[in-house]
Amino acid sequence: MQILVIEDDPEMAANTVRILTEAGWTVEHAEDGRTGLQMAAARSFDLLVVDRMLPKLDGISVLRRLREIDVTTPALILSALGEPSDKVDGLESGADDYLAKPFAADELVARLRALSRRSQANAHPEVILIEDLEIWLKSKSAVRGGKPLDLTDSEFRLLHYFAQHQGDLITRNMILEHVFNWRPGLDPGTTVVEVAISRLRSKLDKDFDPPLLTTVRRRGYVFNAAARSS
Amino acid sequence: MLRRGRRRSALLRLAFGYAAFFTCSVGILFLVLHVTIEDFMHRQARSAVAEEIARINDKNDLGLREVETYIRDRTRDLATLPSNRLIYLYVDADLRCPATTSGRLANCPIGNLLQWPDVARSESRWRQFDVVLSNGENAFAMIKILPLRHDYRVLVGQNLSPQQRMTDELGRLLIIGAVLTLAIGGAGGWFVARRIVRRIERINLLCHEVGPQGLGGRLPETGPNDEFGELSQNINGMLDRISELMSLTRSTTDQIAHDLRTPLARLRIKLESLIERLPDSENVAVAESAIDDIEAILNTFAALLEIAKNESGDTSTFERIDLRATIEQVLELYRPVAEESGLQLKTEIETVWIDGNEGVLKQMLANLIDNAIKFSPPDGRIGIALASQDGRFELSISDNGPGIPENQRAKIFERFYRSADSDGVAGHGLGLSLVRAIARRHDIQIDLLDNNPGLKVVLMGKAYT
């Protein structure tokens, strides 16, 4: 997978490039917004990692221009500022995800993997089949081993999200932001995600085999680890 | 927070006060005038009558006949005068027309009154009376009685009627004048006061908007170079300075964010790469614990930054949101947590529309609900109620935990403050500071009340239909 990182701070850039390379991807680097825009427009990357504050042309404007010329490469915006307006700006201008600096390496890699999944996914299927689990999207219900799972709305959303990112590490913050619509940078407390996961697990895995929801200590969760992609 | 409550218009008070004062002072002036004129008239009358009395007294010394002759002369003369001012009546000891020595009763009355009025023969004071003149006219007179020889009497007076009519007319004019003065003074006062109060209201409106709506507006500085002009200039100057300070704070905050977070991030990355290189779990555990500490610092730092950003009062990202939906989203996360802790969660929530930033409002609610859960006893009950009335909403979150003693209620919102009951409960003591900053930014009032037992947090603010 080819990733373009647009970041002006040299140490930050070196770090980011290293993290992504270690995750097994090919990474290119642009030092300012204008160069980044040219590169992203000229070649087709799979993912963009764009810092918000850039010389010559800021990150949001780079994305806006790219979308105007129909470059739909999924993009993640990095920012040191955590303002709510920044978030709105970022997503409205065509960014697909948003990560505040400083970030953990895991977090960046997990989110980029999730982004790449999203872009690979086809038009919405009616049902997702994983092992003996059936996730029916229209009726928002799930069945495992023939037995219907009694899931609440939020539990279904969580399961659906996991199913869309099977095999990949999903961090706590990703769950908060993408499933529960929580603003990045704000923290509703350590236990809420754990409790949500344990509830889902008790309905999904307790009476069934194999266990689909795995906790990776200190890092996050993986759904259907067997489906792990490279 | 803005003080709500009834306000009386200064305009009405000013206008009314002005008119009343003006009318009173004019009224007093007119009253004094009236009294003075009347007094003058009466003195004139008394003086004229006294002069006549003296003259008649002299005649009396010469004998009654002299008096009678004099009076007949006088009344004959005066009968032809149109005003017929002086009044005479000459009577005997029985207060009747005396028979003359020639016995001519036909020439009664001697004088120009028909008969003696209802006044004692011994009356020595000045009196004012309604009398009937010999030509049938009614008159109002100032009279004095002079005793004569052989107990005869003569009554002398001055007809006050013409003067009386004049003073009555004057009085009527003065009343009309006073009413007119009240009306004109009131109207004049109203217009003057209205202009002034309008300018003040405009200033008030602008200052009111500085809070929730932002710092964009300025007062117009055209117009007369007077105290109002100066006031406008001063307020605009203050707004400029506040605006500067706010953006300075924000850029300082952002600068701090950049300066401190990046080194911490690098530190964490170094520790993480160290973990990968360490073979044994003991050192890994130490490094992981160090990373946890860095995480805690970063979280505290993020919370501080969030508080500072909310304290700057920026409302540019506000939208009209349904507070009910916002609460439901937060409860999606917290209902299971409450249930896991064995707590009951009761909700009574209406749809209420407010202006705000949904992201931070959710955080505010999360902090409050998280606290309620943290401090609830086992089997505790948490209640959440939201309702609105008359353009105001009230949201309450209550628990039956240890509550907060009254003397700590103000301090509990301060940064890093932790109450004595919170030993052993995880947290950095910034949760309520953030709640307060977010509430203030939204112009929402917070009250901490006793839930008997426990704590009831009540939030109140503006609601839209």
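The values are calculated or read from the model by the stated rules, or taken from the named source; none is laboratory data. Since the model is a prediction, treat every value here as computed from it, not as a measurement. Neighbour counts run over all protein chains shown; Cβ positions are idealised from the backbone, glycine included. Side chains are part of the model used for accessible areas, which takes the heavy atoms of the whole protein and leaves out ligands, DNA and RNA. Shrake-Rupley method; radii C 1.70, N 1.55, O 1.52, S 1.80 Å.
Computed over every Cα-Cα pair of the protein assembly as shown and binned at 20 Å starting from 0, the pair-distance distribution P(r) comes out as 13, 31, 18, 9, 9, 10, 8, 2, 0 percent. On the beta carbon distance between B:ILE349 and B:GLU227, with R0 = 41 Å, the FRET formula returns roughly 0.20.
Restriction of the chymotrypsin sites (Phe, Trp or Tyr not before Pro) in segment B:122-153 to DSSP coil positions whose beta-carbon has at most 16 other beta-carbons within 10 angstrom yields B:TRP126. DSSP beta bridges fully contained in chain B are about 90 percent antiparallel. Compute the signed sum of charges (Lys and Arg +1, Asp and Glu -1) over the other residues within less than 15 Å, Cβ to Cβ, of B:GLN44. Here the count lands on 0. Summarising the label geometry, the points placed 7 Å from Cα in the beta-carbon direction at B:PHE140 and B:THR465 lie 6.3 nm from one another.
With a simple spin-label model that places each label point 7 Å from the Cα along the Cα-to-Cβ direction, the separation between B:ALA54 and B:ASP240 comes to 8.4 nm. The per residue volume of the convex hull around the alpha-carbon atoms of chain B is 273 Å³.
If you bin all the Cα-Cα distances of segment A:11-58 at 10 Å, starting from zero, the percentages per bin are 25, 55, 20, 0. Exceedance of the 30 Å cut-off in Cα-Cα distance is limited, within the set A:LYS206/B:LYS362; A:LYS140/B:LYS374; A:LYS203/B:LYS270; A:LYS56/B:LYS309; A:LYS140/B:LYS462; A:LYS203/B:LYS309, to A:LYS206/B:LYS362; A:LYS140/B:LYS374; A:LYS203/B:LYS270; A:LYS140/B:LYS462; A:LYS203/B:LYS309. Taken residue by residue and averaged, Cβ atoms of other chains lying within 10 Å of the Cβ of B:327-334 number 5.
Going by Cα centres, segment A:133-167 and segment B:98-167 are how many Å apart? That distance is 123 Å. For segment B:226-241 and segment B:330-363, compute the distance between their C-alpha centroids and round to whole Å. That distance is 44 Å.
Convex hull volume per residue, computed on the Cα atoms of segment A:157-216, equals 84 Å³.
Between segment A:191-225 and segment A:43-59, what is the separation of their alpha carbon centroids in Å? Distance between centres, Cα-based: 35 Å.
In segment B:318-465, the convex hull through the Cα atoms has an average projected area of 8.2 nm², a quarter of its surface area.
Approximating the spin labels as points 7 Å out from Cα along Cα→Cβ, the A:LYS138-to-B:GLN44 distance works out to 11.3 nm. Comparing the full protein assembly with the isolated chain, the residues of segment A:159-207 losing at least 30 square angstrom of accessible surface (1.4 Å probe) are A:PHE180, A:ASN181, A:TRP182, A:ARG183, A:LEU186, A:ASP187, A:PRO188, A:VAL192, A:VAL195, A:ARG199. Could you tell me whether segment B:109-157 comes out rounded, prolate or oblate from its Cα gyration tensor? Rule is a ≥ b ≥ c as square roots of the eigenvalues, rounded for a/c under 1.5, then prolate if a/b exceeds b/c, otherwise oblate. Oblate, because a/c is 1.5 or more while a/b does not exceed b/c. Counting 0.36 nm for each residue step from A:GLN120 to A:THR21 and taking away their Cα separation leaves a gain of 33.6 nm. Sorting the segments A:215-221, A:188-194 by their mean number of nearby beta carbons within 10 angstrom, highest to lowest, gives A:188-194, A:215-221. For the pair B:VAL286 and A:ASP58, what calculated FRET efficiency results from E = 1/(1 + (r/R0)^6), where r is the Cβ-Cβ distance and R0 = 30 Å, to the nearest 0.05? Plugging the Cβ-Cβ distance into 1/(1 + (r/R0)^6) gives 0.15. As a ratio to 2.2 N^0.38 Å, the alpha-carbon radius of gyration for segment B:248-402 is 1.37. Fraction of C-alpha pairs exceeding 21 angstrom in segment A:2-83: 20 percent, rounded to a whole number. At q = 0.15, 0.23, 0.26, 0.34 Å⁻¹, what is the base-10 log of I(q)/I(0) for segment A:185-230 according to the Debye formula with one equal point scatterer per Cα and no solvent? Please give it to two decimals. Normalising to I(0) and taking log10 leaves -0.46, -0.90, -1.02, -1.26. For the protein assembly as shown, the solvent-accessible area of protein heavy atoms averages 53 Å² per residue (probe radius 1.4 Å; ligands and nucleic acids excluded).
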